[in-house]
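Engineer: Below is the structure I would like to discuss, written out as structure tokens.
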Ligand SMILES: Nc1nc2c(ncn2[C@@H]2O[C@H](COP(=O)(O)OP(=O)(O)O)[C@@H](O)[C@H]2O)c(=O)[nH]1
Ligand SMILES: [Mg+2]
């Protein structure tokens, strides 16, 4: 699939420009997938910037508008900060695709994903970075089941989430209690290796990323507390819940039956070697 990704903020605000000039190297990239966020994205990005400004890191914010036809792009562009870049493409492909696309456009050594609705408190990002630095882990993932998390969300969602995590535990034996929370921090190297192997563009992307990262040897994943303030405006209905389950079964099939991820990795390595002039008969 070939998709034209259009950058919709002015050239002078780009982080690549920042990288080549005197300003400090971007340490943290914050990728924000946005779908049907409308007017609230402006105040949400402003809140995010307020929290990031408190941290002792240089950062960029990469907003990815995934086929929005509402005011999301216009409202995101109104945010007056040189750290914010907004990308848009015309079709809605899915949050997973949007996150991958945001990572491609970003430059920081650390990469955070955060949902645009800011139901997850961006003030938590600082703790994620501290935890990564102190523990040396490959990824920090927000967990609704961490004992220090403060979460308020409906009973039905709690039940769905608990049942799903049970399925995940049985199928994949991941050593985490919540794969689905929309606040995560990765070392860029993990994403650089894992993202090209993923097949999922929409549902269960988070799970596939964690499964593939483990397969690549990135086993050191920490869970961190989050504050979740649920706003009852979810795009995840019963159909999506079913689709997540279906995608989850597909990950299991690709991992254990097809051995797809291993094969894909070998294919990509072969392509890389072919394209590398230093690999030819020296
Ligand atoms: N780019 C992109 N983002 C999406 C899509 N669906 C949801 N999102 C974003 O992902 C975040 C989480 O979605 P939401 O519907 O709130 O799911 P929930 O919080 O799990 O109930 C929000 O910030 C949305 O803007 C999508 O198809 N593409
Ligand atoms: Mg949400």
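Engineer: Among (1) in contact (Cβ under 8 Å) with a residue 60 or more places away in the chain; (2) assigned to a helix (DSSP H, G or I); (3) over 20 Å from the mean Cα position of the chain (by Cα), there is one condition residue 159 misses while meeting the rest; what is its number?
Structural biologist: Of everything listed in (1) in contact (Cβ under 8 Å) with a residue 60 or more places away in the chain; (2) assigned to a helix (DSSP H, G or I); (3) over 20 Å from the mean Cα position of the chain (by Cα), residue 159 misses just condition (1).
Engineer: Could you count how many residues in the stretch 225-269 are within 14 Å of ligand 2 (Cβ to nearest atom) and not in a helix (DSSP H, G or I)?
Structural biologist: Summing the residues that are within 14 Å of ligand 2 (Cβ to nearest atom) and not in a helix (DSSP H, G or I) in the stretch 225-269 gives 12.
Engineer: Turning to a different aspect of this structure: Of the conditions (1) surrounded by fewer than 14 Cβ atoms within 10 Å (Cβ to Cβ); (2) more than 16 Å from the chain's Cα centre (by Cα); (3) more than 19 Å from residue 142 (Cα to Cα), residue 231 satisfies every one except a single condition; which number is it?
Structural biologist: Looking at each condition in turn, residue 231 falls short on (3).
Engineer: Listed residues 162, 116, 123; which is within 10 Å of ligand 1 (Cβ to nearest atom) and under 26 Å from residue 229 (Cα atoms)?
Structural biologist: On inspection, the qualifying residue turns out to be 116.
Engineer: Out of the stretch 162-179, which residues are touching a residue at least 40 places away in the same chain (Cβ under 8 Å) and either closer than 26 Å to residue 102 by Cβ or in contact with a helix residue (DSSP H, G or I) (Cβ under 8 Å, 6 or more places away or on another chain) (or both)?
Structural biologist: Scanning the stretch 162-179 gives 164, 167, 168, 171, 172, 174, 176, 177, 178.
Engineer: All but one of (1) outside any strand (DSSP E or B); (2) within 15 Å of ligand 2 (Cβ to nearest atom) hold for residue 192; state the number of the condition that does not hold.
Structural biologist: (2)
Engineer: Shifting gears a bit: Looking for whichever is surrounded by fewer than 23 Cβ atoms within 10 Å (Cβ to Cβ), out of contact with any helix residue (DSSP H, G or I) (no Cβ under 8 Å at 6 or more places or on another chain) and in the same structural domain as residue 27 (by TED's automatic domain parsing) here; the options are 81, 152, 43, 134. Which one fits?
Structural biologist: The conditions single out 43.
Engineer: Search the stretch 212-237 for residues that are not assigned by TED's automatic domain parsing to the domain that holds residue 158 and pair each with any residue that is more than 16 Å from ligand 1 (Cβ to nearest atom) when their beta-carbon atoms are under 7 Å apart and the residues are at least 6 apart or on different chains.
Structural biologist: none
Engineer: In the set 239, 179, which member is surrounded by 18 or more Cβ atoms within 10 Å (Cβ to Cβ) and within 16 Å of ligand 1 (Cβ to nearest atom)?
Structural biologist: Testing whether each residue is surrounded by 18 or more Cβ atoms within 10 Å (Cβ to Cβ) and within 16 Å of ligand 1 (Cβ to nearest atom) leaves just 179.
Engineer: Okay, next question. For the condition over 28 Å from residue 207 (Cα atoms), at pLDDT 95 or above, more than 16 Å from ligand 2 (Cβ to nearest atom) and touching a helix residue (DSSP H, G or I) at 6+ places or on another chain (Cβ under 7 Å), what is the one hit in 60, 51, 75?
Structural biologist: 75
The values are calculated or read from the model by the stated rules, or taken from the named source; none is laboratory data. Note that this is a predicted model, so its numbers are computed, not measured. So basically every Cβ, Gly included, is an ideal-geometry build from the backbone, and we count neighbours across all protein chains shown.
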